[in-house]
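Some notes on the structure that comes next.
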Amino acid sequence: MKKFTNARIYRQHDHASEILVDKGVITQIGTNLPEADEEIDLGGRLVVPPYVDAHLHLDYVYTARNEGATNTSGTLFEGIARWHDVKKTQTLEDARERALKGIEEEVSKGVQFIRTHIDVDDPKLTGLKAMLEIREQLRDNVTIQIVAFPQEGMYAYKGGDEMIEEALKMGADCVGGIPHFEWAREIGEKSVRRTVELAEKYGKLIDVHCDETDDVMSRFVELLNALVMIEGIGARTTASHTCSFGSVDNAYAYRMMGLFQKSGMNFTANPTENAYLQGRQDSYPKRRGLTRVKEMWENGINVCFGQDSINDPWYPVGNGNMMNILDNGIHLAQIMSFDELDRCLDLITYNGAKTLNVEDRYGIEVGKPANFLVLNANTPFEAVRQRADVLASIRNGEYLFKRPAPSYEIEIDLFRKTR
Ligand code: FE2
């Protein structure tokens, strides 16, 4: 039995400061709890559930400098063209090594839950094979969900729809899609319908790259939402990116947000990547590339953030740091009232867990696995303001890592003299 004391628990409103853990599970939360074999004083620091990266491409990581990978226009579409060449040289060993390095980088920054899209427009399914193996090997330490994702189209890539079905049979968790990349609106719509059909047929979750474009006429989110609402699987569905929804007019946006509320569909935005990729054909003002995160959040629609890219042909400087993603996201979305700042860690924790459909085993609650982070801050506001480091990541009651707290309270001579 272990007791973590002197904790400031995120979302815990009754001042409980102790967490008792037995056999990897939280058995009590409160004050003056029974003694344990091991007691760990957290020094009044903030304890939050693990970070969730709800959208990442682990088969692409660290390929930004590969031969043929340079994306000179900085657009999504050139990134796809560059990846087409890069993936030809991918081997199982190389895919495995890079993915492991990417996961390690994320875990070292507090992530314990990852949803990764894996390109299945590949007759050999190299990335998928590597990822399925890693998912099982790391299961106890990091929860990984795999999306069968047709990067070059479900139909624009010949046989893409069949590769997705094969990937689902092999064990992928979610059906993906990229309707805005198909060659005509009708074909994009056909791909959305097929995504929903396959999810129903195999009992899988859905996560579609949806409307990742500045084209306000790209409105596949409308069809996706309607179809999953009809089937009653909105909560099992995610629309990722939805950049164009940030450019539509309000009359359309608010009607749609009413329908999103009804379906319970989830949204994932990727602030750093889309701020970089979108608006490339704009002169000025340039769009931010972000969907309506603030309005969705205010209207009770589940929305969360993802890293998307770690050093790949789409975005070179991703590093798996979800605090950095949150920082960028709240700036771009203008989320900055004190009330919002107190709650915005939800965007990289609880909201991500809801998107992944893992709420039954996520959160700091009695009966759930003892998975949590210790941040170098005393309050949620200070965690966000200081972009606080993760001092410890605990999984099933054991440390994945812990590091000493860097001291920000150094005395600078000039100020001591001035005082
Ligand atoms: Fe993506």
| field | C-alpha long axis of helix 322-332 to longest principal axis of the chain, angle in ° | value | 70
| note | Computed Rg/Rh for segment 51-361 (Cα atoms; Rh = Kirkwood radius) stands at 0.93
| Calculated FRET efficiency, Leu414 and Asn378, Cβ-Cβ r, R0 30 Å, to nearest 0.05? | 0.65
| Pair Val25, Ser73: separation of 7 Å Cα→Cβ label points (nm) | 5.5
| remark: Listed by chain and number, the residues whose amide H is under 5 Å from that of Thr268, excluding neighbours fewer than 5 places away on the same chain and using placed H, are Ala239, Ser240, His241, Cys304
| Is it possible to state the helix-based mean residue ellipticity at 222 nm for the chain, with each DSSP H run of 4+ residues giving -39500 (n - 2.57), the sum divided by total residues, to the nearest 500 deg cm²/dmol? What is it? | -10000 deg cm²/dmol
| field | Glu35-Asn319 pseudo-label distance in nm [points 7 Å out on the Cα-to-Cβ vector] | value | 4.4
| request: Mind jotting down the distance between the C-alpha centroids of segment 158-215 and segment 16-68, whole Å? | output: 33
| Within segment 159-186: backbone nitrogen closer than 19 Å to the Met217 label point (7 Å, Cα to C-beta) | 179-186
| task | Please work out the FRET efficiency for the pair Arg255 and Lys190, using the Cβ-Cβ distance as r and a Förster radius of 25 Å; give the result to the nearest 0.05. | result | 0.55
| Theoretical FRET efficiency, 1/(1+(r/R0)^6), r = Cβ-Cβ of Glu166 and Thr91, R0 22 Å, to 0.05 | 0.65
| note | Sparse-neighbourhood loop hits (GluC sites (Glu not before Pro), segment 283-369; DSSP loop; Cβ within 10 Å at most 15 others) -> Glu365
| Label-reachable residues, segment 64-108, where backbone N falls under 18 Å from a point 7 Å from Lys158's Cα toward its Cβ | 84-85, 88
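Gain in length, Asp360 to Gln281, computed as 0.36 nm per residue apart minus the alpha-carbon separation, to one decimal in nm?
Going from the current span to full extension adds 24.1 nm.
Only the coordinates and a few stated rules stand behind these numbers; no lab work does. If you're wondering where the values come from, they're calculated on a predicted model, not measured in any experiment. Cβ sites come from the backbone with ideal geometry, for glycine too, and all protein chains shown count toward neighbours.
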